[in-house]
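Questions regarding the structure given below will be posed in turn.
The values are calculated or read from the model by the stated rules, or taken from the named source; none is laboratory data. Predicted, not measured: the structure shown is a model, and the values here were computed from it. Reconstructed Cβ throughout: ideal geometry from the backbone, glycine too, with neighbour counts over all protein chains shown. SASA here: full protein model, heavy atoms, side chains in, ligands and nucleic acids out. Shrake-Rupley method; radii C 1.70, N 1.55, O 1.52, S 1.80 Å.
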Amino acid sequence: MRRLCPSLTDLQAFEMAARHGSFTRAAQELSVTQGAVSKQVKQLEQFVGVELFLRLRHGLVLTEAGQAYLAKIQVGLGQIEAATLELISHQGQGGTLYLTSMPTFGARWLIPRLAGFMRLRPDIHVEFLPHRQGYDFSTPELDAAVRFGEGVWPGSGADYIVGRDVVPVGSPRLFPRPCATPEELLKQPLMHHTSALDGWTDWFEQAGCDTRRAREGARFDQYNLLSQAAAAGFGIALIPRCLIEDELRDGKLAPVIELRIRARQGYYLCYPETKSKLPILQAFRQWLMEASQVAEPRTDDG
């Protein structure tokens, strides 16, 4: 289906004239005649059926509609220019991959391993967009996002990375040796992540325990805070092993029971289906899947 899009030349003439407030100065910068710029803007106004400028004796003044249109097309023209410069620079190879990530996962797991990808593909630059930008794939520049959940997001591809291997942990001062049975954990203060409030319920259910107390206790919105609270002796927390490897190795945290149970939720690489064939995304995805297999080898049950 043909896109409803005016001529790029007409858009450039409009943007330049709006920026200078003059057809003459726009023409000078574009190296064309004043009449050519005036004609191109007129063609654009005819195309959209809206007057974009008030043509006054002292110069051009944008109409209200013109101001709103200008703000939107400047973004698009900037993206076209950036994409073109990137293509010219990389000659079709490499480029920039724009990514968002859960903060703790990015800091604890992804960033420490990213140097390996950079050595493998020095032609690809990974740029982290603000996490508050989230997972809105309608944002043109966002190529992929690391999300936490069960792996199903409509309109998005999702590949499991790590995180389902969870560990009940606490301060080694309070738990010098692991508990003998899962029921003993229910006697301790439980702590929760706000994005995984069913985590303890699922864990106790798989362990064959009563789950009525499983949702009681303090809640934290980041695993980084949750791990610090557990190390400080506030209670026990259920945390993905991949996020606390350093604390377990250094003895700041200790497993409170030796029982391997896999959680329903984990970290996934998500991307819009429209970008699934993007070469730089495919390269990053392949590397990430290999890194995840090394970090958390898959069992028969996934």
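To the nearest 500 deg cm²/dmol, what mean residue ellipticity at 222 nm is calculated for the chain from DSSP H runs of n ≥ 4 alone, each contributing -39,500 (n - 2.57), summed and divided by the residues?
Counting only the DSSP helices, I get -12000 deg cm²/dmol.
Please report the carbon-and-sulfur percent of the accessible area for the chain; probe 1.4 Å, protein heavy atoms only, DNA, RNA and ligands left out.
C and S fraction of accessible area: 53 percent.
Percent of Cα-Cα pairs per 10 Å bin, from 0 to the last occupied bin, for segment 165-262, please list those.
Cα pair-distance distribution for segment 165-262, in percent: 17, 57, 25, 0.
Calculate, in whole percent, how much of the Cα-Cα pair population of segment 16-72 lies beyond 13 Å.
58 percent
Right, next: Which value, in debye to the nearest 20, gives the size of the charge dipole of the chain about its Cα centre, when Lys and Arg are +1 and Asp and Glu are -1 at the Cβ?
I would put it at about 460 debye.
Rg and Dmax of the chain over Cα atoms: what are they, in angstrom?
Rg, Dmax (Cα atoms, Å): 27.3, 88.
Related question: Averaged per residue, what accessible surface does the chain expose to a 1.4 Å probe, in Å²?
55 Å²
Which of Thr24, Leu185, Phe234 sits farthest toward the positive end of the charge dipole of the chain, with +1 on the Cβ of Lys and Arg and -1 on the Cβ of Asp and Glu?
Toward the positive end, the furthest listed residue is Thr24.
Moving on to the next point. Let me spell out the model: positive unit charges on the Cβ of Lys and Arg, negative unit charges on the Cβ of Asp and Glu, origin at the Cα centre of segment 195-285. What dipole size does that give, in debye rounded to 20?
300 debye
Take the Cα atoms of segment 90-187, find their three principal axes, and give me the spread along each one in whole Å, biggest first.
Principal extents (Cα only, largest first): 61, 33, 21 Å.
Now a separate question. Pop the C-beta distance of Leu56 and Phe128 into the FRET formula with R0 = 51 Å and round what comes out to the nearest 0.05.
0.65
Still on this structure, I have one more. Full-extension gain between Ala36 and Asp250, please, as 0.36 nm times their residue separation minus the C-alpha to C-alpha distance.
Working it through step by step, the gained length comes to 69.9 nm.
Could you give the C-alpha radius of gyration of segment 228-293 expressed as a fraction of 2.2 N^0.38 Å, taking N as the number of residues it contains?
1.56
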